[in-house]
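Trainee: One structure, pasted below without further comment.
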Amino acid sequence: MGMTDTLDTVRPLSLEQQAHDPEGFARDFGGSFERFGFAIVADHGIDERLIAQAWEVTRAFFAQPEAAKLPYKSPKGGARGFTPFGVEIAKGASENDLKEFWHVGRDLPEGHKYSDSMPPNIWPDYPPEFRTTLTALYAEFDRVGAQLLSAIAVYLGLALDWFVEPVRDGNSVLRLLHYPPVSADAPGVRAGAHEDINLITLLLGAEEAGLQLLDRSGHWLAIDPPKGALVVNVGDMLQRLTNHVLPSTSHRVVNPPPERRGRPRYSMPFFLHLASDFPIRTLPECIGATRPDLYPDAITADDYLQQRLKEIGLL
């Protein structure tokens, strides 16, 4: 199952390959995950016009004065609505990250069993297309995420549809991020080194340089996707589920060279989550004589999430 370590860079893959060569795509995608904890996926099929509209409403919202944004501040742990500058801090870091963000979650029907762990969305009045645009984009991320999870299932020797039930009505979150311009003498890091908590993350907007992953050799490796491609990475829940066969890799956002620091940076990660009550239990396929089970005790996805949110200061 492993892949040789000859790769020294994360190479773009095409999701179109999955339709005619699902095994080949699963091998390449899973291999990139196993080697780097990251993959770059082009031709993902999310409509470019929808993405352009999403960037537009994101910029319009964040361009408002703070006073216009604060009424939408999330009442509960940042899971929905607006989170102002400097609230979130990477685990173990000393400086708060230079960013503000907005969270869109899954809309659940009234009285749904997950309502207690998934609060309703908050929507701003301005810009007017904000809600429809981001609801549509959320659904598209869900669709592409499911395709990528089916490739991971194949790579791990599971049934093609193994992840369908575990992520049904999952606690996935679309985050709109704004890193404002920084001064030429700002510290080098815009967002501190961290791993993601969730199952997998799908990121739009990484073509504005700055995203780096910590390679196994201990070097920071720049991730340089083609315009419009998705950068996809393993989260801690998938790392735990696979007994570290697929590693959740440290990554960070560094500031551009001084001459480009006068520009804001935007990005849109979609944190794909398991259903709140799903028990994360090590896959038997990922346990062996040379790979003992690191997590003999199961933990529900929501308990795991709460534990980690406390660590990063969002609870």
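Trainee: What single numbered condition from (1) hydroxyl-bearing (S, T, Y); (2) surrounded by 20 or more Cβ atoms within 10 Å (Cβ to Cβ); (3) part of a loop (DSSP other than H, G, I, E, B) fails to hold for S217?
Mentor: For S217, the failing item is (2).
Trainee: With the condition being β-branched (V, I, T) and either open to solvent by less than 50 Å² (accessible area, probe 1.4 Å) or closer than 16 Å to I40 by Cα (or both), I'd like the strands (runs of 3 or more DSSP E) fully within the stretch 170-211 carrying at least 2 qualifying residues.
Mentor: Fully inside the stretch 170-211 and qualifying: 200-204.
Trainee: What are the residues in the stretch 122-138 that are open to solvent by 30 Å² or more (accessible area, probe 1.4 Å) and farther than 19 Å from L202 by Cβ, if any?
Mentor: I122, W123, D125, Y126, P128, E129, R131, T132
Trainee: Something else now. Only one of (1) in a strand (DSSP E or B); (2) farther than 26 Å from L204 by Cα fails for M268. Which number is that?
Mentor: All conditions pass for M268, except number (2).
Trainee: While we're looking at this one, here's another question. Working carefully through the options I287, I223, I280, find the one that is touching a helix residue (DSSP H, G or I) at 6+ places or on another chain (Cβ under 6 Å) and either buried (at least 20 other Cβ atoms within 10 Å of the Cβ) or free of Cβ contacts under 8 Å to residues at least 60 places away in the same chain (or both).
Mentor: Within the list I287, I223, I280, the selection yields I280.
Trainee: In the set S276, S248, which member is under 14 Å from D196 (Cβ atoms), assigned to a loop (DSSP other than H, G, I, E, B) and of a type outside the set (A, V, I, L, M, F, W, C)?
Mentor: Residue meeting the stated conditions: S248.
Trainee: Within the stretch 172-208, work out how many residues are at pLDDT below 95 and among the polar types (S, T, N, Q).
Mentor: Residues flagged as at pLDDT below 95 and among the polar types (S, T, N, Q) within the stretch 172-208 amount to 1.
Trainee: In addition: Is it the case that the stretch 44-52 has a residue that's surrounded by fewer than 18 Cβ atoms within 10 Å (Cβ to Cβ), more than 20 Å from the chain's Cα centre (by Cα), closer than 30 Å to P181 by Cβ and at pLDDT below 95?
Mentor: Among the residues of the stretch 44-52, not one is surrounded by fewer than 18 Cβ atoms within 10 Å (Cβ to Cβ), more than 20 Å from the chain's Cα centre (by Cα), closer than 30 Å to P181 by Cβ and at pLDDT below 95, which makes the answer no.
Trainee: From the list L158, L148, pick out the single residue that is in a loop (DSSP other than H, G, I, E, B), under 25 Å from T249 (Cβ atoms), at pLDDT 95 or above and touching a helix residue (DSSP H, G or I) at 6+ places or on another chain (Cβ under 9 Å).
Mentor: L158
Trainee: Output the number of the condition that F270 fails; it satisfies all remaining conditions of (1) more than 30 Å from G228 (Cα to Cα); (2) touching a residue at least 60 places away in the same chain (Cβ under 8 Å).
Mentor: Condition (1) is where F270 drops out.
Trainee: Could you figure out which of (1) open to solvent by less than 20 Å² (accessible area, probe 1.4 Å); (2) over 24 Å from R80 (Cβ atoms); (3) in contact with a strand residue (DSSP E or B) (Cβ under 6 Å, 6 or more places away or on another chain) isn't true of V254?
Mentor: That leaves (1) as the condition not met.
Trainee: Further question on the same structure: Residues of the stretch 241-293 being under 30 Å from A52 (Cβ atoms), over 15 Å from the mean Cα position of the chain (by Cα) and of a type in the set (G, A, S), which ones?
Mentor: G262
The values are calculated or read from the model by the stated rules, or taken from the named source; none is laboratory data. Because the structure is predicted, anything quoted here is derived from the model rather than measured. Positions of Cβ are backbone-derived with ideal geometry, glycine not excepted, and every protein chain shown enters the neighbour counts. These area figures cover heavy atoms from the full protein model, side chains too; ligands, DNA and RNA do not enter into them. Shrake-Rupley method; radii C 1.70, N 1.55, O 1.52, S 1.80 Å.
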